[in-house]
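**Q** Structure below; questions to follow.
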Amino acid sequence: MVLDKLGQSLNNALKKLARASTVDEALVRDVVRDIQRALITSDVNVRLVLDLTKKIEKRALEEKPPAGVSKKEHIVKIVYEELTNFLGKEAKPVEIKAKPTVLLTVGIQGSGKTTSVAKLSRYFQKHGYKVGVVCSDTWRPGAYQQLKQLIEPYGIEVFGNPEEKNAIKLAKEGVEYFKKKGVDIIVVDSAGRHKEEKGLIEEMRQISNTINPHEVILIIDGTIGQQAYNQALAFKEATPIGSIIVTKLDGSAKGGGALSAVVATGAPIKFIGVGEKIDDLEPFDPKRFVSRLLGLGDIQGLLEKFEELSKEVEFKEEDMEKFLKGKFNLKDMYAQLEAMKKMGPLQQILKMIPGMGYSLPDEMVRMSEVRLKKFKVIMDSMTEEELENPEIINYSRIKRIARGSGTTTKDVKELINQYNQMKKFFRSMDKRKLAKMAKRFNMGGFGI
């Protein structure tokens, strides 16, 4: 999950605002202090935090809400806008114009560079591009094999030679090879260094001058916090072109520091790594990122994930709607959880739904992450009638299901309880209020 600790803290600050009976100066200052603590705890630079929260406080105290918008809603909108501006305002995608477009990746050893190359290649492949990957990392043993293992199962070819020690030669030969193959995008993975940024930058220059990439992408470890500033700045000063991928943002306490530090350099963040799987790479869109961070949802991101999923499994729109409205049975839950597993952890998906935020019961998270396998075995022992009408499952049926699945009656009851809890939770969502808020935030309808 993206920056859970920061998101939880910010969400708690907004909840304090929502629960207040009146909005006065004292409350605004209290909420602003909570936001300050949340950002500083996440390793965001103190000066940047103070500048940001001063803007939030000034606007919250001085601006009058537009007609039809409550003071509380207006303050949430101010927080959303200022955080979005803080993180870069607009999304800046990688432009694919020429054929082939050559992308050179660089990074410090241990930053997750090779894994990010695989994720980036997979991302472009899913968007319809033919991709070739060049491994010019001659320093780290096993780099070539790691890339092959990660992406060849998806039909993405890797060019490399573990015996060759000349990285510049490898990069040049690899680019020429894929140009002849007629690919759309060539991703070149260069060697990383451990605490040798100057050597890394110099090699980057040499490879860059040889292969003339359309864009150089720096991979930065999101867990290094404010140290990301120096890495990003050195990269930015070394080349006039460039963008950044920030990795390891799945629950990183220092992720906020890394993001804000990079943004402070002016170098554009174009992707963020949000998990260990090859599909856990997202285009960085400050508006969508902040929206999810504050618990306001990310319907656009959710729909994109469903669109990707629909290419791999049969997943109908009416099925999704039934699930989100709480009008599903055990058979539906079985099918949808099985499918949604391919999109990532269920909690991460549900956070994209406005209003879900960080209010998910722990039991639901554990069900999606840990207990799903056992629950699948239990449901396999149910009849079609029981799956479609769970309310008919009495104690004698529970005993039969437990025997057939090799589990206990307690396990079966737990599944039924979790199902009822999830159904109740989805039904409790105030969709009209969410749609109204989305309209005011100019984020579009929610379609649920």
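The values are calculated or read from the model by the stated rules, or taken from the named source; none is laboratory data. What you see is a predicted model; the values in this text were computed from it and never measured. Backbone-built Cβ (ideal geometry, glycine too); neighbour counts: all protein chains shown. The accessibility values were calculated without ligands, DNA or RNA, using every heavy atom of the protein model including side chains. Shrake-Rupley method; radii C 1.70, N 1.55, O 1.52, S 1.80 Å.
**Q** Between ARG427 and GLU388, with labels modelled 7 Å along Cα→Cβ, what's the label distance in nm to one decimal, could you check?
**A** Result: 2.1 nm between the two label points.
**Q** Also, I was wondering about something else. Of LYS126/LYS148; LYS99/LYS277; LYS55/LYS236, which pairs sit farther than 22 Å apart, going by alpha carbon to alpha carbon? Mind dumping the intermediate values first?
**A** Values: LYS126/LYS148 18 Å; LYS99/LYS277 28 Å; LYS55/LYS236 28 Å.
Check vs 22 Å cut-off fails for LYS99/LYS277; LYS55/LYS236.
**Q** If you don't mind, another one. If we count every other residue with Cβ under 13 angstrom of ASP34's Cβ, Lys/Arg +1 and Asp/Glu -1, where does the sum land?
**A** It works out to a net charge of +4.
**Q** Of the listed pairs LYS58/LYS424; LYS89/LYS248; LYS16/LYS376; LYS130/LYS248, which have alpha-carbon separations greater than 30 Å here?
**A** LYS58/LYS424; LYS16/LYS376
**Q** What part of the accessible area of region 93-194, given as a whole %, is carbon or sulfur when the probe is 1.4 angstrom?
**A** 50 percent
**Q** Quick one: which of 66-74, 401-409 comes out on top by average Cβ neighbours within 10 Å, and what's the full order, highest first?
**A** Values: 66-74: 13.2, 401-409: 16.1.
Peptide ranking by packing, descending: 401-409, 66-74.
**Q** Non-local amide H neighbours of GLY107 (under 5 Å, H modeled in plane, Pro and chain starts lacking H): which ones?
**A** Those lying under 5 Å, H to H, from GLY107 are ILE219.
**Q** Averaged per residue, what accessible surface does region 131-233 expose to a 1.4 Å probe, in Å²? Walk me through the numbers on the way to the answer.
**A** Working: 4930 Å² over 103 residues.
Counting only protein heavy atoms, the per-residue value for region 131-233 is 48 Å².
**Q** For an R0 of 45 angstrom, estimate the FRET efficiency from the Cβ-Cβ distance between LEU233 and LYS58 and round to the nearest 0.05.
**A** Computed FRET efficiency for LEU233 and LYS58 comes out at 0.95.
**Q** Compute the length gained on full extension between ARG397 and LYS179: take 0.36 nm times their separation in residues and subtract their Cα-Cα distance, giving the result in nm to one decimal.
**A** My answer for the length gained is 72.2 nm.
**Q** So who's got an amide H within less than 5 Å of the one on SER243, skipping anything under 5 residues away but keeping other chains? H placed 1.01 Å off N, in plane.
**A** Amide H to amide H, under 5 Å and 5 or more residues apart or across chains, SER243 pairs with VAL216, ILE217, LEU218.
**Q** What are the residues whose amide H is under 5 Å from the amide H of ASP43, where those residues sit 5 or more places off or on another chain and H is modelled from the backbone?
**A** none
**Q** In addition: What nm value, rounded to one decimal, do you get for the distance between THR41 and HIS127 when each label is placed 7 Å out toward the C-beta?
**A** Modelled inter-label distance: 3.5 nm.
**Q** I would also like to ask the following. Order these peptides, 281-291, 388-398, by their mean beta-carbon neighbour count within 10 angstrom, highest first.
**A** Top of the packing list down: 281-291, 388-398.
**Q** Label GLU90 and LYS327 with points 7 Å out from Cα along Cα→Cβ: what is the distance between them in nm?
**A** If labels sit at GLU90 and LYS327, their model points lie 4.1 nm apart.
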